[in-house]
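Notes follow once the structure below has been shown.
Only the coordinates and a few stated rules stand behind these numbers; no lab work does. All values reported here derive from a predicted model rather than from experimental measurement. Virtual Cβ from ideal backbone geometry, glycine too; neighbours counted across all protein chains shown.
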Amino acid sequence: MANIQRNNWHMPRRSFIRGAGATLALPLLESMMPLMAATGKIGRSGGEQKLPTRMGMLYMPNGVRSDKWTPSGVGSDFKLSPILQPLQRHQKELLILTGLQNKASFTGDGHYVKTAGWLTGTTISKTTGSDISANGVSMDQIAAQQVGQHTRLSSLELGTEAIASGIDRNVNYTQLYGSHISWRTENVPLPCETNPRAAFDRLFRPDSVGQGAHDQSVLDLVREETKRLRSKIGVADKAKLDQYLDSVREVEKRIEREAASLESGENLTPQMLLQIDTMDKRIEKAMGGKNGSREKVLNSLRRFNHTEHCRIMMDLMALAFWTDSTRVSTFMFGRAVSGRDFSFLDGVNGGHHQLSHHRGLKNELAEYQRINTWHSEQYAYLLDRMKQLKEGEGTLLDNCMLGYGSSLRDGNSHDPKNVPIVVAGKAGGAWETGRHLKYKKNTPLCSLWLSMLEGMGVEGMSNGLGDATKPLDGLI
Amino acid sequence: MNRWLLIFPLLIGYFSVTNAQEKMDSFARNAVPFMKQHCYDCHNAKKAKSGIELQDMLTEQDAMKRHDLLGRCLDAVEYEDMPPDDKVDILPTEQERENFLKELAKIKTKISTGDFEKKAGRPVLSRLNRDEYELTIRDLFGVEFDTKQFFPADGSGSSGFTNSGDALFTSPVMLEKYLLASKAIIDKWYADPKLVGSTFKIKRGSSKREAARDLIRRAGRRAFRRPLTEDEIAQLMSLFVKADSKKGATYKNSMRGPFQAMLMHPAFIYKMEAVHPTLKEWRLSDLELATRLSYFLWSSMPDNELMRLAEEGKLSDKKVLIAQTRRMLKDLKAKAFAEHFGGQWLGLDDLWGTAYPNTKKFTSYTNSLQSSLYNESIEFASHVLSNNRPITDFIHADYTFLNEELAVHYSISGVKGKGMRMVKLKNKHRGGIIGQGAMLVVTSMPNRTSPVKRGAWILDKLLGTPPPPPPPNAGSLPDTDKPHKGLSFRKQLEKHRQQASCAGCHAKIDPLGFGLENFDAIGRWRVTDSGGKALDTKSILPNGKTFHTPYELKRILLDDNALFVRNFAKQMLTYAIGRELEYYDQPLLNELVATLRKQKMSSEALILGIVQSRPFTHRSKEP
């Protein structure tokens, strides 16, 4: 077990924030960030190792206006649809996939089967609570299990809305399902971090997990004690303690990985540190300034400018990828059935979910489309950022696969067929992007997931995923 | 080949068939064929109309397990709503219908009379949710630690409350946070001499190690809510010894490890209860009972008095249990009961979740107003629960809790300052939960009120009879309440639901909401609609009763309070035992309702009934 004692380089966060800012502060910053080193050598220019591929999945709630999503024309000669128009400057980096579906989500009414099962390709258990199960592991977590050991965090789950509680009486599903797309095991959904400050600290705060003088021995003790107590309880209760035990082990692994990168003496580049510092300030500003108490910061979340909130979370994903802090991440623009008020957009007057039930009315459809388009604008922003971040001979985006889509097509009818999905990035050069690919009816969405897992170098998927037996044709 | 080998499997098949038929209970024989013929077409796993699936209800036991659904089936078939006369299905004959109803009624009677093997049930092992964690830390160290900005939100499962183990997960992120929290909490505690006090004073004549062992024993007992085993003490001691053997180590600093380990220990994080493999059911130990009681009423750990009584084995004594419950309800800590039970039952957390008033339109809707709205309802609930008020105060009361900002919002004069205080109401419309802004906001759309949501809220939260889901493609209303083509918003709504498939349910939902139209989307009183016309608040209930104002609606709810009373008892029992209620809890529910009626709706009578009940004081083995 790696033994990290309290180190001399360790500095409290306060000095981090104060000292950061000018380029002058960089050497200082660097001394604070030894843990940031990446095993993929990406911190060093001209490294010979292959740059790692990263995978991000962006979930958009409540479907899209169906007639304004699909581009016209196929192959590389296609014209973006109105909703995808904001992506024009990135057209060459996109794969737009038409005709995919997640068959396992056809059953059950409403959003929940489709949201919780989006990345698992399974049918979730219909329950109001007592036996929650996705009946499968989500593809991001399949990837995290295999490539996660290379990075400090095996995966990063981000979002903007807290978990919804209670039962959706409309369809008799627990609303928990609508707030989770990542499933570590079939019974353990991973919550999204919605607080930018907490997400930033988890990624970049120097005195993070495992740095406490006693963390190691405490974890050792807790692991053994959990095992001991586990043997004394019933089966259902055991399953709960198993989650605890599994979590203890995962955190121990994370600490080992941090230690390994520390020992290898690798470090972040000045450019990375500068970006991290800029991010820190931006969060400070967005969340009510430095002087805001924690409570104020929390209260400000409620009135957080939604656009800025989403952009900060996506920027964190980009930075986490660029610094190779993780290679797998998900982001939920909102939870399923999100009623978020979008009247901050001109021409929109109402909540997201409500407007998605447009009843075919002209005004509602226009407002719905505007909300969809706003999501594309945010996605385009993330792609901008990923292009700005240089890596090797190209950009970060070249080494990514960034999925963006919804688990419904038309929100009014909860149509699960031909779901909207775009992937950006070349998967490290493996994919030929800049195309609109039309697949024949009933092509499994899970085939795309298999392709993405292949792009991540994940092995052992020969049994397929969900209703898919093989990866998608035509991406390479 | 020997032909017996061929016949043998057939024989087995034959015997198992006859066996199965003999074993079939009356429900399987008489009710299932009816459902096969008349219900399965729509209510199967694939279609599940109205979210109802019936294909798995094959035996009496199945039917009992789904007692809630059973009641709905009974009503639907009795009032001939089902099977629908849509010219597709074959309608059952009168006789068939009657026979089917008889079977359902038999099961219903069985459940309500408790004609089955008694069972206490068992909640799934539950970790402290983030509210409980925060309050437990407060009581353990005196340290304020805001978990809301630190831990991810907890979900709630079928119970609707975030204290039920089945919906509380632990993921690596959570564990990282526990680890960081444990360190931060100890740091904060150590840094405050007032909080530390004489904790690290070593008694004359004691060695450092003796002192450490003693401190671990005492602190551990409070953290684990039970005495530690010698083994557990030894484990924690080993951390102390390791740290203390380093050069320059101080007693206080060497105790950091043991304290941190206590906060990470499953015995702290989880509310563990012992298992007795040889017993079918057993009484909880006094210490386990103390933990249940304190998390029920305080959302936190037992205090010294409770621990002492439990260790002396006195808590399970009826008189002591009652006295302690009364004492705890009077304690300030019982505010957590109002906040977590009351707030979650009524869905008030939605103020920070699904409710999004458009602040461009409602400029007076500020963060602080939102907090005041929430506090009003929590103070109110706290008053009802801690002062033995009748639970019907939730429907109507002549008081509420206001500060200046909220009083101005409600157009009530004479309230100054930021603090919430009890205010007698002259206006009869405002009192009770459905006249409070928090409820009115969470049931509104960003730009307008929603009589449908408000009506559904009353049916669901207050009466425990949530309306069935709308059919697919039911559509929704415009996002503003502006008059459209000369029709007021109400007229649009009425037109919208004229379709036969909508009218049935909306006739039950909408009138309740219309009765609250005098409250706008952020809870202010109004008499005109957005078009400037006088509001049309006339409401006609399905039974023909007509009313015009919130007060009249409350009168109607009070006059016929059976559903409310039962639902209230059900919600509180669910919260108290941390699991969804099962069929075997129904007789207890009947008893609690009877107690409430006998004792003039006394909230204390209900709480005392719950803490003495079997599911609260006992635990069954796993099914």
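Structure above, values below:
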{"read-out": "Dimensions in Å of chain B - Rg and Dmax from alpha carbons", "value": "28.7, 100"}
{"read-out": "Ascending count of other beta-carbon atoms within 10 Å, so fewest first, for B:Ile322, B:Ile458, A:Ile181", "value": "B:Ile322, B:Ile458, A:Ile181"}
{"read-out": "Restricting segment B:38-85 to GluC sites (Glu not before Pro) in coil, as DSSP defines it, with at most 14 other Cβ within 10 Å", "value": "B:Glu80"}
{"read-out": "Shielding score for A:350-356, defined as the mean number of other chain Cβ atoms within 10 Å", "value": "5"}
{"read-out": "Residue (of B:Gln599, A:Leu274, A:Asn372) at the positive-pole extreme of the protein assembly as shown, dipole from beta-carbon charges", "value": "B:Gln599"}
{"read-out": "Segment A:357-430 - Debye-derived log10 I(q)/I(0), Cα point model, q = 0.14, 0.17, 0.18, 0.25 Å⁻¹", "value": "-0.58, -0.73, -0.78, -1.10"}
{"read-out": "Trypsin sites (Lys or Arg not before Pro) restricted to segment B:36-101 and DSSP loop, no more than 15 other C-beta within 10 Å", "value": "B:Lys46, B:Lys47, B:Lys87"}
{"read-out": "Cleavage-rule hits, trypsin sites (Lys or Arg not before Pro), segment A:197-237, DSSP coil, Cβ neighbours within 10 Å at most 14", "value": "A:Lys232"}
{"read-out": "Under Karplus coefficients 6.51, -1.76 and 1.60, residue-wise ³J(HN,Hα) of segment B:367-377 in Hz, glycine/proline x", "value": "4, 6, 5, 4, 4, 5, 4, 5, 4, 4, 5"}
{"read-out": "Members of B:Lys118/B:Lys554; A:Lys253/B:Lys271; A:Lys68/A:Lys387 lying beyond 29 Å, as alpha-carbon distances in this model show", "value": "B:Lys118/B:Lys554"}
{"read-out": "The protein assembly as shown - charge dipole about Cα centre, Lys and Arg +1 at Cβ, Asp and Glu -1, debye rounded to 20", "value": "2260"}
{"read-out": "Order of B:His618, B:His265 under a 10 Å beta carbon neighbour criterion, fewest first", "value": "B:His618, B:His265"}
{"read-out": "Residue order, fewest to most beta carbons within 10 Å, for B:Met64, B:Met237, A:Met386, B:Met255", "value": "B:Met237, B:Met64, B:Met255, A:Met386"}
{"read-out": "Amide hydrogen neighbours beyond the local backbone of B:Met445, cut-off 5 Å, H modeled", "value": "B:Ser450"}
{"read-out": "When each of B:Lys49/B:Lys361; B:Lys110/B:Lys545; B:Lys188/B:Lys314; A:Lys126/B:Lys36; A:Lys92/B:Lys46 is checked by Cα-Cα distance, pairs over 31 Å", "value": "B:Lys49/B:Lys361; B:Lys110/B:Lys545; B:Lys188/B:Lys314; A:Lys92/B:Lys46"}
{"read-out": "Positive dipole terminus of segment B:130-269, leading residue within B:Val143, B:Ala167, B:Leu239 (C-beta point charges)", "value": "B:Leu239"}
{"read-out": "Compactness of the protein assembly as shown as Cα Rg over 2.2 N^0.38 Å, two decimals", "value": "0.96"}
{"read-out": "Kirkwood-type radius of segment B:130-269, with distances r between different C-alpha atoms, in Å", "value": "16.2"}
{"read-out": "Net charge dipole size for segment B:130-269 [Lys, Arg +1 and Asp, Glu -1 on Cβ; Debye, nearest 20]", "value": "960"}
{"read-out": "Qualifying lysines (Cα of each under 18 Å from Cα of B:Lys330; at least 8 residues distant if same chain)", "value": "B:Lys319"}
{"read-out": "Furthest towards positive pole of dipole, B:Pro587, B:Thr465, B:Gly437, structure part the protein assembly as shown, Cβ charges", "value": "B:Gly437"}
{"read-out": "Compactness of segment A:46-150 - radius of gyration and Dmax, Cα, Å", "value": "17.8, 54"}
{"read-out": "Debye, to nearest 20: dipole size of segment B:85-161, +1 on Lys, Arg Cβ, -1 on Asp, Glu Cβ", "value": "360"}
{"read-out": "Integer Hz, Karplus 6.51/-1.76/1.60 couplings in order for segment B:221-226, x for Gly and Pro", "value": "4, 6, 5, 8, 6, 6"}
{"read-out": "Rounded Å value of the spacing that divides the Cα centres of segment B:535-553 and segment A:213-265", "value": "60"}
{"read-out": "Whole-number percent relative contact order across chain B, with pairs defined as alpha carbons under 8 Å at least 6 apart", "value": "15"}
{"read-out": "Phi-based couplings in Hz for segment B:182-199 (Karplus 6.51, -1.76, 1.60; Gly and Pro marked x)", "value": "4, 6, 4, 5, 4, 4, 5, 5, 4, 7, 10, x, 4, 7, 6, x, 9, 3"}
